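Report on the following structure.
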Amino acid sequence: MKIDVLVAEIGSTTTLVNAFHNINSDKPVFYGQGQASTSVLDGDVRIGLRGAIEDLCKKKGVPSIEYGEMLATSSAAGGLKMTVHGLVYDMTAKAAKEAALGAGAIIHSVTAGRLRRTDLQKIKDIRPNLIMIAGGVDYGERDTAIYNGEMIRSLDLPIPVIYAGNIENQEEMRLIFEGAKAPLYIVENVYPKIDELNVEPARKVIQNAFEDHIIQAPGMEHIRDMVSGPIIPTPGAVMESAKLLYEHLGDLVVLDVGGATTDLHSVTEGSEEISRILVSPEPKAKRTVEGDLGVYINMRNIVDSIGREKLTEELGLNIDSIMENYKFVPQTEEEVRFVERLTKEAVIKATERHAGRIRYVYGPSGRSTLAEGKDLSQIKYIIGTGGALTRLPNRVHIMESIALHNETGLLLFPGTDAKILVDNDYIMASLGVLSKRYKEAAVRFLEESLDHQLI
């Protein structure tokens with residue numbers, strides 16, 4: 001069998017391949033999906049990729065599959081680890097962090113101001129894949145970013161550096177990092193003016209730098225033997241799908257509840273009314289990742305969040321017994337009910353942390369109303385992807401519970417009129433990277449997977 005494109009999702013434990021055919025026609029076809037254990041730790045990513053293709057062949061009843069090209073997303077080999085260093089935490093450091101998260105990075109350290117010896121030691125201990133330096137609006141403060149650049153250069157690490165600060169420092173940065181062991185990427189300022197974010201150029205550079213890095217990671221050295229197209233971080237690929245859907249649907253959020261984390265992507269400008277009282281700007285496309293909210297690896301965190309006694313009373317189950325015997329995917333009716341309740345808690349907590357809120361401040365002139373954080377009040381669609389929100393029986397009700405959790409009205413949450421959509425084929429990450437080359441086909445596949453008219 002010959003198909004046009006295979007998209008591989010190389011995860012920390014599982015490798016998926018999604019096959020797409022007739023990619024340039026009016027009716028492109030999602031041919032099928034195969035999976036196998038990820039083999040990065042075995043020293044060769046190709047083992048897992050071939051295993052996933054063999055699984056696809058078995059499911060489709062064909063002896064072999066040939067493909068025109070293979071694209072990929074990856075969260076294996078530790079994903080994309082970054083450290084971010086800015087001038088003021090609520091300004092340039094925050095802007096740099098937003099750029100990194102939206103590109104699919106895992107942020108291991110954020111600093112503001114001049115780097116200290118302890119900060120430099122932390123960078124060496126983390127061994128990030130990328131280091132981002134920001135700081136100063138354009139034609140504003142220069143010295144902090146230059147100092148931080150000199151300190152990072154003095155570490156002499158083989159780690160690429162991205163500079164996304166004051167435009168006046170660009171030539172200085174080139175001189176500082178001349179002859180370094182790894183390349184310097186220079187990009188537009190992520191915070192060019194007060195209260196103005198400019199994160200998209202940095203996100204593109206981060207993803208390009210990730211592709212250069214991932215093919216050198218242990219176990220991934222031979223990935224180019226099979227993958228001929230783009231390779232981007234899996235969370236960044238989901239964001240690409242979210243931004244593509246925004247073009248057709250308008251304001252939306254995408255929720256991805258996994259075994260270890262819960263990711264939330266939102267694409268919305270928010271309301272004009274809220275924007276006038278925002279304390280600081282928010283990016284149009286925002287991603288947050290909650291490392292303590294996972295329904296397998298971090299299930300005990302969520303149980304503690306709900307309260308063991310309360311959970312036992314709600315479900316009428318032996319919670320300790322279920323946790324002891326649970327094997328990643330729920331197998332019994334009791335396990336399904338348990339995981340659904342954990343997923344609901346993860347969805348609500350992740351939305352609380354992602355969304356902004358109204359705050360009242362009292363002063364000599366009386367009460368003032370302020371808003372801080374991301375405004376989700378204009379959201380029209382809530383979309384579920386990932387294992388939990390595409391496979392659990394009550395996935396729609398779980399997502400509907402978000403709007404019901406805003407009793408005070410002070411949270412900038414989606415309203416009850418937001419429509420629920422589900423990525424039934426569980427292919428949003430694959431379609432994010434596919435859209436880099438085949439945008440129209442990616443829209444068609446999203447339309448089919450969400451069972452919703454887009455065009």
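The numbers here are math on the coordinates, done by the rules we state, and not lab data. From a predicted model like this one, the values you see are computed outputs, not experimental measurements. Positions of Cβ are generated from backbone atoms using ideal geometry, with glycine treated the same way; all protein chains shown enter the neighbour counts.
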| Rg and Dmax of region 232-450, Cα atoms only, in Å | 18.3, 60
| Where in region 357-455 are there GluC sites (Glu not before Pro) that are in a DSSP coil and have at most 16 other Cβ atoms within 10 angstrom of their Cβ? | Glu407
| query | Can you give me the relative contact order of region 224-288 as a percent, contacts being Cα pairs under 8 Å and 6 or more apart? | reply | 27 percent
| request: Mind listing the long-range amide H neighbours of Val110? Cut-off is under 5 Å, sequence gap 5 or more, other chains count too, H placed in the peptide plane at 1.01 Å from N. | output: Val84
| field | Test item: Cα-centred dipole of the chain, Lys/Arg +1 and Asp/Glu -1 on Cβ, debye | value | 440 debye
| remark: Rounded to two decimals, the Debye log10 I(q)/I(0) of the chain (Cα scatterers, no solvent) at q = 0.10, 0.12, 0.14 Å⁻¹ is -0.77, -1.10, -1.41
| query | For region 128-237, what is the charge dipole size about the Cα centre, in debye to the nearest 20, if Lys and Arg each add +1 at the Cβ and Asp and Glu each add -1 at the Cβ? | reply | 300 debye
| remark: Env charge @ Thr83, Cβ radius under 14 Å, K,R +1 / D,E -1, value +4
| How big is D, in µm² s⁻¹, for region 81-214 by Stokes-Einstein at 4 °C and 1.567 mPa s if Rh is the Kirkwood radius over C-alpha pairs? | 92 µm²/s
| request: Go through Thr118, Gly11, Gly250 and say which Cα lies farthest out towards the positive end of the charge dipole of the chain; charges sit on Cβ, +1 for Lys and Arg, -1 for Asp and Glu. | output: Thr118
| task | Could you calculate the contour length gain from Ile455 to Ala182, that is, 0.36 nm times the residue separation minus the distance between their Cα atoms, to one decimal place in nm? | result | 93.9 nm
| remark: Lys204 and Asp417 label points (each 7 Å along its Cα→Cβ direction) are spaced in nm at 3.6 nm
| Under a plain spin-label model, where a point goes 7 Å from the Cα along Cα-to-Cβ, how far apart in nm are Asn424 and Glu407? | 3.6 nm
| Segments 47-60, 266-279 sorted - mean Cβ within 10 Å per residue, highest first | 47-60, 266-279
| remark: Among beta bridges assigned by DSSP with both residues in the chain, the antiparallel ones amount in percent, to the nearest 5, to 50 percent
| request: Multiply the residue gap between Asp292 and Glu69 by 0.36 nm, knock off their C-alpha separation, and tell me the result in nm, one decimal place. | output: 76.6 nm
| request: Would you be so kind as to identify which of Ile146, Ile223, His397 lies farthest towards the positive end of the dipole of the chain, taking Lys and Arg as +1 and Asp and Glu as -1 on Cβ and the Cα centre as origin? | output: Ile146
| request: Please give the contour-minus-distance gain from Lys59 to Ser154: 0.36 nm per residue of separation, less the Cα-Cα distance, rounded to one decimal in nm. | output: 28.8 nm
| remark: Beyond 19 Å (Cα-Cα) in this structure, taken from Lys2/Lys58; Lys81/Lys436; Lys94/Lys349; Lys243/Lys284; Lys97/Lys419; Lys243/Lys374, we find Lys81/Lys436; Lys94/Lys349; Lys97/Lys419
| query | Zone of Tyr147 (label point 7 Å along Cα→Cβ, backbone N under 19 Å): which residues in region 115-132? | reply | 115-123, 132
| query | What chymotrypsin sites (Phe, Trp or Tyr not before Pro) does region 235-337 have in DSSP loop regions with at most 14 other beta carbons within 10 Å? | reply | Phe328
| said: Cut-off under 17 Å on the C-alpha distance; same-chain residues fewer than 8 positions from Lys60 excluded. Which aspartates and glutamates are left, in chain and number order? | reply: Asp4, Asp425
| note | Exposure-ranked with fewest Cβ neighbours within 10 Å first, Ile194, Ile215, Ile133 stand as Ile194, Ile215, Ile133
| field | Which of Asp90, Asp256 has the fewest Cβ neighbours within 10 Å, and the rest in rising order | value | Asp90, Asp256
